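Engineer: Mind having a look at this structure? Questions to follow.
The values are calculated or read from the model by the stated rules, or taken from the named source; none is laboratory data. Everything numeric in this text was worked out from a predicted model, so none of it was measured. Because the Cβ atoms are built from the backbone with ideal geometry, glycine has one as well, and the counts that use them run over all protein chains shown.
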Amino acid sequence: MTFPPPPLRRALDAVDGLQKRVRLTAFPVGVIKRYGDDRAGMYAALITFYGLLSVFPLLLLFVTVASKILGPDSKAAKNLINSALEQFPVIGTRLASNIHALSRGSWLTFVASALFLLWGALGVTSALQMASHQAWRRPRVEEPNMLLRSGRGVLLLMVIATSVILTTVSAAVAASGYLGQFSGVLAPLLILVGFAINLGAYLLALHILAPPKTAWSTVLPGALAGGLGWTALQQVGGYLISHQLHRTSEIYGFFAIILGLIFWLNLGARLFLYATEINVVAVEHAWPRGLFEPSDEVKAQLPDDEGKRAS
């Protein structure tokens with residue numbers, strides 16, 4: 001007995017043929033297929049791992065610097081710290097309970113955290129570069145050496161840090177009460193500002209990771225998708241993570257916060273890699289793709305006649 005049965009297979013083939021003829025569905029299917037072909041999920045897991053290693057040293061450094069510059073009990077420092085923690089919906093408020101213990105760390109702890117943060121952050125940027133190299137199908141001989149990869153990683157870290165700082169400062173200014181007379185338009189204005197920051201960060205990051213001499217217009221579609229997607233996630237992230245934690249907190253207790261953090265970081269990693277694949281599929285016109293079409297790697301190993309039928 002064949003699976004799926006012939007009637008079901010014919011129905012699936014009809015649906016497949018329809019999605020390939022409609023641009024609204026053919027392009028997203030092409031992006032999803034390319035995402036799977038490039039094993040982007042594996043890179044997303046690697047980015048999540050290094051991102052998790054970076055979060056807690058980053059919080060320690062941020063709180064220590066903010067407390068020393070603005071004062072540990074100042075309202076400005078508290079607003080800034082709370083705005084930074086809002087980058088992590090739901091779990092940020094739970095992490096805040098440990099913020100005072102982190103801020104009283106010694107200079108030895110500060111230096112160790114800085115080194116640990118640098119290691120984790122460069123791991124994130126290295127994984128992003130490997131994923132982008134794979135997505136653009138660049139040959140292995142063109143992979144950047146350690147020095148070039150580290151330099152590009154520092155540029156990426158500057159872009160990420162700048163976007164986080166701008167978002168944090170804008171949220172802190174809104175929370176300070178100085179713009180109380182504009183409270184009616186403050187919420188939509190913050191969303192627009194956040195989108196502009198996210199769009200700029202995605203545009204710069206995707207251009208840094210793209211092959212040399214790539215035009216800015218080439219990476220604009222992915223930047224738009226990533227900026228809109230991340231802005232939307234920032235708005236609905238609280239619901240997503242609270243739903244995730246609701247199912248795990250009773251079983252795992254405090255470790256549910258870690259699971260929520262992993263979930264949030266993985267969402268961000270997947271969104272960025274999908275933004276990269278959008279640019280690649282658009283440039284290479286790698287669509288339409290069949291729902292049951294094998295990957296390019298598998299098709300390359302098939303005989304010529306079978307490979308053409310698979311396409």
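Engineer: Is it fair to say I278 is at pLDDT below 95 and either in a helix (DSSP H, G or I) or within 26 Å of G17 (Cα to Cα) (or both)?
Structural biologist: Working: at pLDDT below 95: no; either in a helix (DSSP H, G or I) or within 26 Å of G17 (Cα to Cα) (or both): yes.
Criteria not met by I278.
Engineer: Could you tell me whether any residue of the range 256-265 is more than 24 Å from T214 (Cβ to Cβ), at pLDDT 90 or above, out of contact with any strand residue (DSSP E or B) (no Cβ under 8 Å at 6 or more places or on another chain) and not small (G, A, S)? Before the answer, list the steps.
Structural biologist: Quick first cut of the range 256-265, residues more than 24 Å from T214 (Cβ to Cβ) only: 256-265.
Filter once more, so that each one left must be at pLDDT 90 or above: 265.
Right, trim to out of contact with any strand residue (DSSP E or B) (no Cβ under 8 Å at 6 or more places or on another chain) and you get 265.
So of that shortlist, the ones also not small (G, A, S) come out as 265.
Within the range 256-265, one or more residues are more than 24 Å from T214 (Cβ to Cβ), at pLDDT 90 or above, out of contact with any strand residue (DSSP E or B) (no Cβ under 8 Å at 6 or more places or on another chain) and not small (G, A, S).
Engineer: Restricting the range 100-122 to residues that are more than 25 Å from S150 (Cβ to Cβ) and small (G, A, S), which is modelled with the highest pLDDT?
Structural biologist: That would be S106.
Engineer: Taking P211 and the conditions (1) part of a helix (DSSP H, G or I); (2) at pLDDT below 95, which numbered condition does it fall short on, given that it satisfies the others?
Structural biologist: Against the list (1) part of a helix (DSSP H, G or I); (2) at pLDDT below 95, P211 comes up short only on (1).
Engineer: Here is a follow-up. Would you please list the contacts, defined by Cβ atoms under 9 Å and residues six or more apart or on different chains, that run from a residue in the range 205-216 that is touching a residue at least 12 places away in the same chain (Cβ under 8 Å) to a residue that is among the charged types (D, E, K, R) and not in a loop (DSSP other than H, G, I, E, B)?
Structural biologist: From residues that are touching a residue at least 12 places away in the same chain (Cβ under 8 Å), the pairs are I208/R152; L209/R152; P211/E142.
Engineer: Take S97 and tell me if it is within 17 Å of I160 (Cβ to Cβ) and at pLDDT below 85.
Structural biologist: Numbers: within 17 Å of I160 (Cβ to Cβ): no; at pLDDT below 85: yes.
So S97 fails the test.
Engineer: Answer with yes or no whether R34 is at positive phi and at pLDDT 70 or above.
Structural biologist: Working: at positive phi: no; at pLDDT 70 or above: yes.
Considered against the rule, which asks whether it is at positive phi and at pLDDT 70 or above, R34 comes out as no.
Engineer: Assess whether K20 counts as being of a type in the set (K, R), part of a helix (DSSP H, G or I) and within 24 Å of the chain's Cα centre (by Cα). Before you say what the answer is, go through the steps one by one.
Structural biologist: Values: of a type in the set (K, R): yes; part of a helix (DSSP H, G or I): yes; within 24 Å of the chain's Cα centre (by Cα): no.
Spelling it out, it is not the case that K20 is of a type in the set (K, R), part of a helix (DSSP H, G or I) and within 24 Å of the chain's Cα centre (by Cα).
Engineer: Considering only residues that are charged (D, E, K, R) and within 20 Å of the chain's Cα centre (by Cα), which ones fall in the range 186-221? Reasoning before the result, please.
Structural biologist: Applying the first criterion (charged (D, E, K, R)) to the range 186-221 yields 213.
Scanning the range 186-221 gives no hits.
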